[in-house]
Amino acid sequence: MLATDHNLIALANTIKAWGRELGFADIRISDVDLAQQEAGFQAWLELGYHGEMDYMAAHGMKRARPAELVPGTIRAIVARMDYLPREYQGDDGQWRQREQARLEKAAADTATVSLYARGRDYHKVLRSRLQQLADRIKDEIGEFGYRVFTDSAPVMEVALAQKAGLGWRGKHTLLLNREAGSFFFLGEILTDLPLPLDAPISSHCGQCSACIDVCPTKAIVGPYRLDARRCISYLTIELKGSIPLELRPLIGNRVYGCDDCQLFCPWNKFAQPSTLGDFDVRNGLDRATLVELFGWTEAQFNSRMEGSPIRRIGYQRWLRNMAVGLGNAAAADVSTPEIVAALRARIDDPSELVREHVEWALLQHGAA
């Protein structure tokens with residue numbers, strides 16, 4: 001079937017149509033030459049900006065060389081899947097104002113969970129649907145070489161997506177799309193099929209620096225350069241130990257991830273809700289209070305976070321993050337008996353990590 005360019009073009013168009021049927025907002029195709037990314041990536045590692053994310057350096061330059069990761073690879077089928085909850089459909093962008101208000105002092109006792117983590121674990125959703133897409137291709141043309149990826153291996157997803165024309169890299173280092181902002185996931189099928197390439201698009205950030213200016217911890221140290229060690233997403237998800245004292249007050253009520261650089265990006269007025277129920281909010285994570293979530297037992301955490309990306313940080317880090325949020329409520333003039341009582345109830349927690357952050361939080365409330 002693949003003897004002619006015409007057949008390859010037809011197959012590429014068919015793959016894109018199948019992708020839309022499977023819930024992907026867009027699918028494009030790129031080559032896998034990422035040589036231009038290597039120097040910048042190496043410099044980022046040498047500066048230590050990856051922090052404790054040792055896996056970023058573990059594979060050397062294989063991250064920028066997909067053909068070394070999957071021998072025979074010459075193309076990447078790159079998919080985009082929107083993840084805003086379906087309830088945001090048709091609200092004329094008011095969700096951005098609501099999310100921004102969640103970060104203000106008046107909402108200091110409310111837990112802010114990153115939008116992507118309020119529903120089902122995206123790894124499972126994208127991997128399953130990318131595998132279904134690969135199966136359809138195999139049914140159509142027979143056996144072919146491929147491997148599916150969803151933030152699960154050393155793959156430069158944003159670089160491949162940019163080459164494929166799915167968007168451009170914003171100054172916050174995330175991919176931006178003129179019709180969809182940046183609230184979407186990326187996934188790839190690395191393959192040996194010589195499919196026709198899609199063209200990249202130009203950048204449209206211009207002189208805007210909204211993402212840099214709004215970052216609470218100043219983790220975006222320059223355009224297109226992120227010091228992950230200061231990023232709230234890193235601190236609340238990737239960091240295994242104690243959150244640095246000087247950064248705790250800057251975290252506010254953000255207890256899992258941070259969306260600030262996206263929420264204040266002008267392009268996200270075009271962000272699109274998902275067509276899938278998988279990313280609908282679970283467990284009231286769009287309105288829960290810090291005290292409520294801090295009161296969960298380990299059994300409740302494991303049960304309620306089943307199938308959620310949050311479960312991977314474990315119960316101790318969950319409590320650590322909540323304690324920081326509760327401590328920061330004091331700086332927002334929210335110091336209630338309920339908050340102090342919740343913290344004191346965990347002052348003898350079995351985990352040293354939790355105890356340390358609880359003691360710090362109580363100190364903020366003058367209740368140590």
Exercise for review: Per DSSP H run of at least 4 residues, take -39500 (n - 2.57); add these up for the chain, divide by its residues and hand me the 222 nm value, nearest 500 deg cm²/dmol.
Suggested key: -10000 deg cm²/dmol
Review point. Name the residues of the range 30-70 whose amide N is less than 11 Å from a point 7 angstrom out from the Cα of S152 along the C-beta direction?
Key: none
Exercise for review: For E68, put the label point 7 Å out on the Cα→Cβ axis and report which residues of the range 36-57 keep their amide N under 16 Å from it.
Suggested key: 36-46, 55-57
Review point. Which whole-angstrom value gives the distance between the alpha carbon centres of the range 132-178 and the range 1-54?
Key: 4
Check your understanding: Within a Cβ distance under 10 Å of Q100, other residues only, what is the Lys/Arg minus Asp/Glu net charge?
Key -> -1
Practice item. Can you figure out the FRET efficiency of R344 with R312, using R₀ = 35 Å and their beta-carbon distance, to the nearest 0.05? Key: 0.75
Exercise for review: Extending each Cα 7 Å along its Cβ direction at A106 and T336, get the distance between those two points in nm, one decimal.
Suggested key: 1.6
**Study point:** Spin-label pair A35/S303, simplified geometry with 7 Å Cα→Cβ offset, distance in nm
**Key:** 5.8
Review point. Can you give me the relative contact order of the chain as a percent, contacts being Cα pairs under 8 Å and 6 or more apart?
Key: 22
Revision key, fill the gap. In nanometres, the difference between 0.36 nm per residue of separation and the alpha-carbon distance of S242 and D139 is 32.1 nm
Point to revise | Label-point separation in nm, E179 to A10, each point 7 Å along Cα→Cβ | key: 2.5
Review point. To the nearest Å, what is the center-to-center distance of the range 331-368 and the range 183-252, using C-alpha atoms only?
Key: 31
Point to revise | Members of K16/K62; K16/K163; K105/K269 lying beyond 20 Å, as alpha-carbon distances in this model show | key: K16/K62; K105/K269
Study note, to complete from the structure: By the Kirkwood definition, with r running over pairs of different Cα atoms, the range 209-368 has a hydrodynamic radius in Å of 16.8
Check your understanding: For helix 5-21, what angle does its Cα long axis make with the longest principal axis of the chain, in degrees from 0 to 90 and rounded to 10?
Key -> 30
**Study point:** Difference of contour (0.36 nm per residue) and Cα-Cα distance, L45 to L363
**Key:** 110.9 nm
**Study point:** Q97/Q131 FRET efficiency (R0 45 Å; Cβ-Cβ; nearest 0.05)
**Key:** 0.75
Point to revise | Helix 122-141 axis, angle to the chain major axis (alpha carbon atoms, nearest 10°) | key: 10
Check your understanding: Where does the range 60-179 land on the Kirkwood hydrodynamic radius, alpha-carbon pairs, in angstrom?
Key -> 17.3
Check your understanding: lysines within cross-link reach of K240: Cα-Cα under 24 Å, excluding same-chain residues under 8 positions apart?
Key -> K124, K218
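A short reminder: the numbers here are calculations on the coordinates, not readings from a lab. Since we're looking at a predicted model, the values are computed, not measured. Note: ideal-geometry Cβ built from the backbone for every residue, glycine included; neighbour counts use all protein chains shown.
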